[in-house]
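Coordinate-derived values only; no laboratory data. This is a predicted model, so every value here is computed, not measured. Glycine gets a Cβ as well: all are built from the backbone with ideal geometry, and neighbour counts include every protein chain shown.
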Amino acid sequence: MGHFYEKLIRPMFFRLDSEAAHERGVQAMALLGSLSPLCLALEAWSRLPAGTKPVEAFGLKFPNAVGLAAGFDKNARAWPAAAALGFGHVEIGTVTALGQPGNPPPRMFRYPAQEAVINRMGFNNEGAEAVAARLATQPGVGARRIPLGVNLGKSKVTDIEKAAEDYLASFRRLADYADYLVLNVSSPNTPGLRQLQDESRLRELLGAITRANRERAEQPGKRRVPVLLKIAPDLTWPQIDAALGVIAEFRLDGIIATNTTLARPGFFASVNEAGGLSGAPLLRRSTEIVNYISRSTQGRLPIIGVGGITDVAGAGEKLDAGATLVQVYSGMVYRGPFFAADLAHGLADRQMR
């Protein structure tokens, strides 16, 4: 299936502007999600062999270790089809409290020879209210075939000093619909956002969210939602240590390592496009960070490893380094819609050997 995509379908998509091709992909996945019999048939086809144990993390069960990273389905339009494509979980967003158009186009660039993407999208999304309204019409918590994560970011117009209030607004609007929530403080495309990774600002943000989560769990019929933090690959080891200390202090449920990078290794040293670099060039650095976190926490903190996965070997490296789950996005751009199914089966075979 992947060979068919790379030979016939991908060339057609790659004739389109990157963002236009992305929008076509979202539309196609949304259409698939509306065709329940086809979804069920595809899900049965992509399902792992009987007896394969689910992955358990932060109180949830995942049918396989491969998830769709945030950034693809920003507005919760396409995720119901994710299980049919072989994903074991899906993360929507990034969603901000206020709807916003993002940065001016062009803002997404493919580099096929390097299997990489640079984007400076800027959290373009319809906003927490609109996304919550859409989620309210879709399968809810406990009725889904795979877990759904909701990735939260800061609205661009919100001053950094009021970031916690901004995230809280999104948290309160979207927590009912999320199997888990992610605090994205690591996108390079919202001015000042990465300052929230500084220890004092991170403590303020996590304190506010964990208090709200605790208060929520005390309400009748409500539950505490697992909360994860998504960090950048450009942090130093001492900065990662500081973040891990704050995560431990507030007992967060996990960490996602990593977002896109501002580094420009090798070929990209001469590329003059601002934004975050993802895809194959990020593989080594993101895996190093996964391994560092795993060793630093003695494997006690669940890690979702993201960055540069283009094959089973790359996904396996993340798991061997200490990740509990992995996510892909840029790899799907180059490998096609059934990349997750191929990865999940490859990882299952690898585990049985």
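What fraction of the DSSP beta bridges in the chain is antiparallel, stated in percent and rounded to the nearest 5?
Percentage antiparallel, nearest 5: 30.
Report, in listed order, any pair from Lys154/Lys222; Lys74/Lys156; Lys74/Lys230; Lys230/Lys318 with a Cα-Cα distance greater than 20 Å.
Result: Lys154/Lys222 exceed 20 Å.
Taking all pairs of different Cα atoms in the stretch 50-162, averaging 1/r and flipping that mean, what Kirkwood radius in angstroms comes out?
15.7
Can you give me the relative contact order of the stretch 1-152 as a percent, contacts being Cα pairs under 8 Å and 6 or more apart?
23
Set the Förster radius R0 to 25 Å, insert the Cβ-Cβ distance between Val157 and Glu23 as r into 1/(1 + (r/R0)^6), and round the FRET efficiency to 0.05.
Efficiency computed from Cβ-Cβ geometry: 0.55.
Are there trypsin sites (Lys or Arg not before Pro) in the stretch 118-176 that DSSP puts in a loop and that have at most 11 other Cβ atoms within 10 Å, and which ones?
Here no loop site has a sparse enough neighbourhood.
Given the DSSP H assignment, sum -39500 (n - 2.57) over each helix run of at least 4 residues in the chain and divide by its residue total; what's the result at 222 nm in deg cm²/dmol, nearest 500?
About -11000 deg cm²/dmol.
Over the stretch 2-352, what is the mean sequence separation of C-alpha contacts under 8 Å (at least six apart), divided by residue count, expressed as relative contact order in percent?
After rounding, I find 18 percent.
Given the options Gln197, Gln100, Gln298, which has the most mean-square fluctuation in a GNM of the chain, springs set between C-alpha atoms less than 10 angstrom apart?
Gln298
Apply the Karplus curve 6.51 cos²θ - 1.76 cosθ + 1.60, θ = phi - 60°, to the phi angles in the stretch 150-161 and return the couplings in whole Hz, x for Gly and Pro.
10, 9, 10, x, 8, 4, 4, 6, 7, 4, 4, 5
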